[in-house]
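Here, each number is a calculation from the coordinates, and none is a lab measurement. Predicted model, so just to flag it, every value in this text is computed and none were measured. As a convention, Cβ positions derive from the backbone with ideal geometry for all residues, glycine included, and neighbour counts pool all protein chains shown.
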Amino acid sequence: MHPSLLHLGFLTIPTYGALAAIGLMLALSLSLRTARTAGLSPDRVWNAGLFAIFAAFLLSRLLLVATNLHTFVTYPILLLMVPSLTPTGLLLTAIALLIYLRTRAIPMLATFDAWAPCATLIWTFLALGHFAEGSDPGLPSTLPWAARVTGTSLREHPVGIYAAILAVILTIVLLIHLPRRRHAGDTAALGLALIGLAQFLLSFFREPTFYDTKLGNLLDPVQWLALGMIVLAALLWQQPRKEIAYAV
C-alpha cells in the first residue's frame with residue numbers, strides 16, 4: 001500500500017487526494033464531450049461541474065466545523081485537514097446543485113446524462129485511491145492476485161482494483177449508450193442501476209460494516225445504498241419523458 005505519493009518534510013501529498021484530483025479534472029474534461037453529445041452547452045455543463053465540486057468541498061467543511069466547533073477553535077488547521085465528505089454533505093451538495101441547475105435553466109436530466117460516464121470515471125480514480133491507502137479492505141483470500149495486508153502475512157481481495165475495473169467498464173458502456181438514449185435521463189438511470197448493482201456485488205468481497213439496528217444487521221450500509229440507487233433508477237425510468245428526436 002502507498003498512502004503517501006510524496007513526502008518532503010512537512011509536505012505530504014496523499015495518494016488518494018492526488019488520484020481524486022486527477023479523476024475530477026479528467027471527468028470535467030470528459031464532460032465537455034458528453035455535453036455536446038447530450039445536446040447541451042459544454043461551457044454551462046463545465047461551470048455546473050465546477051459548482052458541484054466547490055459546493056461539495058465548502059459544504060462538507062462547514063459541516064465539519066459546525067459539528068466540531070470546539071476542536072476547530074483549538075486546532076483549526078488540523079481539523080480542516082481531516083477528510084470530511086459525508087452522506088449529509090453529499091445531500092446538501094445535491095440540493096445546492098439542483099437549485100443551481102434550475103436557476104440557470106440548465107436541463108437537469110440531460111445534464112445528468114452527460115455526467116453519468118464522468119461519474120464512473122471519477123469512481124475509477126477514487127477506487128484506486130482507496131486501494132493505495134488501504135481504506136477499502138477486502139475479505140481474506142488465497143487467490144493469486146490477492147493483496148497482502150501491510151505488516152502481516154494475510155492476503156485479501158483487492159476490492160479497490162475490482163471497483164476500478166468495473167468503473168472503467170461502466171464508463172465505456174455509458175459513453176456508448178449516451179448518443180443512443182431515447183429519452184432524457186435514460187443514461188443517468190442506467191448509470192445509477194449499474195453502479196448500484198456493481199456496489200452491491202462488490203460488498204460480497206469487502207469487509208462488512210454493520211450497525212446495531214435491525215436494518216443495519218440485515219444488510220451492509222453499502223448494500224442499502226446500492227439498492228436505493230437501483231430503486232431510484234427504476235423510478236426515473238418510469239417517469240413520462242419526451243422522446244429525443246435525432247437528426248437523420
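Students often get this wrong, so try it: which of [x] 61, 47, 41; [y] 56, 39, 31; [z] 65, 39, 29 is Cα extents along the principal axes in Å as calculated from the structure shown? Step by step, Cα extents along the principal axes in Å for this structure corresponds to label [x]. Here, the range 119-223 yields an orientationally averaged convex hull projection of 8.2 nm² when only Cα atoms define the hull. Packing around the peptides 224-230, 126-132, taken as the average count of other Cβ atoms within 10 Å per residue, puts them in this order, highest first: 126-132, 224-230. Calculate, in nm to one decimal, what residue 88 and residue 172 gain on full extension: separation in residues at 0.36 nm each, minus their alpha carbon distance. That works out to 27.2 nm of additional length.
Other residues within the sphere of radius under 13 Å centred on the Cβ of residue 203, judged by their own Cβ, net out at -2 (K and R +1, D and E -1). A simple spin-label model places pseudo-atoms 7 Å from Cα toward Cβ; at residue 141 and residue 153 they are separated by 2.1 nm. The residue 37 and residue 100 beta-carbon pair, evaluated with R₀ = 22 Å, returns a calculated FRET efficiency of approximately 0.55.
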